[in-house]
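Beneath this line is the structure, given in structure tokens, with notes to follow.
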Amino acid sequence: MNAPARSDEFAPFGDEFGPQLTGPFAPLADESVLTDLPLVKGQIPADLNGVYMRTGPNPRFTPKGRYHPFDGDGMVHAAEFRQGRLTVRNRWVRTEAWQREDAAGAAAHWGIRETIVGRDDKPLRDAANTDLVGHAGRALALWYMSGDAYEFDPVTLETLGKHAAIASTGGKISAHAKVDEITGELMYFDYGNVAPYMHYGVLDAEGRLKHHVPIDLPGPRLPHDMAVTEHYSVLHDLPLFHDHEAMKLGRHKIDFHPELPTRMGVIPRYGRGDEIRWFDFTPCFIYHVVNSWEEGDTIVMVGCRYMPAQKADGSIDAQRTARNVAELVMTARLWRWTMNLRTGEASEQCLDAERNVEFPTYNGALTGRRTRFGYLVDHHLTSTLQWTGVRKYDLDTGASLSAWSDDADHSWYSEPWFAAADNPQSEDHGYVIAFQFNDQTQRETLDIFDARDLSRGPVAQVAMPRHIPTGFHGCWIGAQRIAGWDVYS
Ligand SMILES: [Fe+2]
């Protein structure tokens with residue numbers, strides 16, 4: 001593979017594309033396999049076995065036109081833990097776009113900041129750069145705007161191709177598919193600009209298509225996440241979506257509609273589209289759900305409510321809200337929504353009014369089941385996608401139980417993920433793992449916390465030889481969920 005030569009690690013394409021391709025965001029030029037990495041402190045826990053991985057945009061070639069982080073080729077960084085040994089790898093997802101550009105030796109796609117909708121001469125890149133999920137022994141790389149699901153080997157990171165069952169529907173998949181680790185099923189949705197505007201699907205534990213139905217929405221929407229419980233899935237219809245007039249002119253512009261409610265649709269796991277029940281809530285955007293579960297007739301969903309910007313008189317500033325979302329400015333509060341399937345009642349409650357927290361994780365073995373603990377990141381006051389620390393919450397009370405930051409001004413943590421210890425004795429028996437870059441010292445580390453008490457600081461910290469670009473989502477795939485784990489050495 002021929003990587004383009006780059007001279008400046010922190011500005012490989014120069015400064016012309018702005019801050020999102022320089023400094024902590026600067027993309028890497030190559031792929032690597034790293035072993036024997038030096039410990040800064042502690043020891044790699046021997047009861048931590050599996051792979052922590054995180055994806056993000058890492059454009060390989062100088063972008064065409066203006067750049068947005070959603071455009072960059074997806075690159076996965078993975079830390080494989082095996083009996084106290086650590087191997088760190090990074091590898092691009094070989095999407096169709098990546099292969100086309102590999103053959104051309106230059107960028108051949110355009111980004112969402114350009115006027116491209118409907119223009120065949122300016123193809124948009126499905127970068128598979130947004131989210132990762134482990135399923136049926138493998139891993140999937142997903143794109144926020146609904147794209148193909150690219151399967152890859154969670155240990156070697158080798159791309160295996162498009163997921164056949166999802167492709168067989170003729171549809172796509174959004175970021176934030178959910179895996180029920182008890183049944184092994186994967187629930188997902190897609191969305192788009194053509195009626196019925198959404199589909200909902202279920203894969204079985206082997207990755208075969210089990211269920212796929214259209215979901216009628218009032219128009220094209222921009223949902224980002226979904227939730228599942230033991231028997232239901234919760235789909236989102238949010239009052240933030242593409243400006244239809246701008247879309248006709250070829251531009252991606254989003255509007256916030258404070259006159260419309262936020263709607264959650266509860267559908268039985270194998271339900272028909274007309275079985276969905278919608279519940280109305282106060283208008284907001286939602287990036288990320290923590291988890292969801294059933295309490296009797298009530299569906300509980302805990303997540304991060306994107307707080308609409310306000311005018312001086314306290315009313316919603318729709319324009320600024322839409323601009324903030326477009327520019328990835330995160331202003332969110334931990335929130336609980338409830339939906340009673342018997343009475344039709346809906347309620348919502350802020351769990352922590354003080355802190356701006358996002359990118360949640362929890363014990364994935366309990367997806368769709370009641371969880372007490374969530375692990376979120378603190379957001380830097382002004383800097384986009386700068387997670388300055390990790391924080392553990394009690395999801396019942398909204399209490400912040402413990403937190404850690406090495407340097408609240410200069411740390412950039414990747415999305416952490418909870419990794420259960422071998423033979424866990426409690427919901428929080430395990431580790432919280434994240435990469436961390438310090439923009440002052442320019443040091444990169446891999447940090448491993450005891451999930452029972454983050455305030456102790458990392459129980460192990462490993463020095464990385466170079467920075468890992470700021471990115472999007474991570475996941476943890478325990479050894480028992482990785483096909484062929486025992487045959488890798
Ligand atoms: Fe996301």
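What to note about this one:
- Förster radius 60 Å - calculated FRET efficiency between residue 298 and residue 29, Cβ distance, rounded to 0.05: 0.70
- In the range 340-411, GluC sites (Glu not before Pro) in a DSSP loop with at most 12 other beta-carbon atoms within 10 Å: 345, 354
- Whole-Å distance, taken between Cα centres, linking the range 176-241 and the range 49-109: 25 Å
- Amide hydrogen neighbours beyond the local backbone of residue 233, cut-off 5 Å, H modeled: 267, 269
- Dipole of the range 27-487 computed with +1 at Lys/Arg Cβ and -1 at Asp/Glu Cβ about the Cα centre; of 306, 401, 461, farthest Cα towards the positive end is 306.
- Cross-link reach list, lysines versus residue 122, counting only Cα pairs under 19 Å and skipping chain neighbours closer than eight places: 64, 248, 253
- Set of lysines near residue 162 by C-alpha distance (under 17 Å), chain-local residues within fewer than 8 positions excluded: 172
- Neighbourhood net charge (15 Å Cβ-Cβ; Lys/Arg +1, Asp/Glu -1) for residue 401: -3
- Dividing the mean sequence gap of close Cα pairs (under 8 Å, 6+ apart) by how many residues the range 26-169 holds gives a relative contact order of 21 percent.
- Positive-end ranking of 198, 487, 423 along the dipole of the chain, with charges on Cβ about the Cα centre, is headed by 198.
- Each Lys and Arg Cβ is given +1 and each Asp and Glu Cβ -1; about its Cα centre, the range 394-489 then shows a dipole of about 320 debye.
- Taken about its Cα centre, the range 163-311 carries a charge dipole of about 580 debye when Lys and Arg each add +1 at the Cβ and Asp and Glu each add -1 at the Cβ.
- Computed about the Cα centre, the dipole magnitude for the chain is approximately 440 debye when only Lys and Arg (+1) and Asp and Glu (-1) carry charge, each at its Cβ.
- From its DSSP helices (H runs of at least four residues, each -39,500 (n - 2.57)), the chain gives a residue-normalised ellipticity at 222 nm of -1500 deg cm²/dmol.
- Sorted peptide list for 73-79, 30-36, 381-387, criterion being average Cβ within 10 angstrom, highest first: 73-79, 381-387, 30-36
- FRET efficiency for the pair residue 246 and residue 211, taken as 1/(1 + (r/R0)^6) with r the Cβ-Cβ distance and R0 = 41 Å, rounds to 0.75.
- The range 335-341 - phi-based ³J(HN,Hα) in whole Hz, Karplus 6.51/-1.76/1.60, Gly and Pro as x: 9, 10, 10, 10, 9, 9, 6
- Residue 246 sits among other residues whose Cβ lies under 10 Å from its own Cβ, and their net charge, with Lys and Arg +1 and Asp and Glu -1, is 0.
- When the GluC sites (Glu not before Pro) in the range 243-288 are filtered for DSSP coil states and for at most 10 other beta-carbon atoms within 10 Å of their beta-carbon, the remaining sites are 259.
- 231, 176 arranged by Cβ crowding within 10 Å, fewest neighbours leading: 231, 176
- Here the chain yields Rg over Rh of 0.93, to two decimals, using C-alpha coordinates and the Kirkwood radius.
- Residue separation of residue 167 and residue 342 scaled by 0.36 nm, minus their Cα-Cα distance, works out to 59.3 nm of gained length.
- Normalised contact order of the chain, rounded percent, pairs of Cα under 8 Å and 6 or more residues apart: 14 percent
- Put a dot 7 Å past the Cα of residue 231, heading toward its Cβ, do the same for residue 349, and the two dots end up 2.3 nm apart.
Read the figures in this text as sums done on the coordinates, not as results from a lab. Since this is a predicted model, take the numbers as computed values, not measurements. Heads up, the Cβs are rebuilt from the backbone with ideal geometry, glycines too, and the neighbour counts pull from every protein chain shown.
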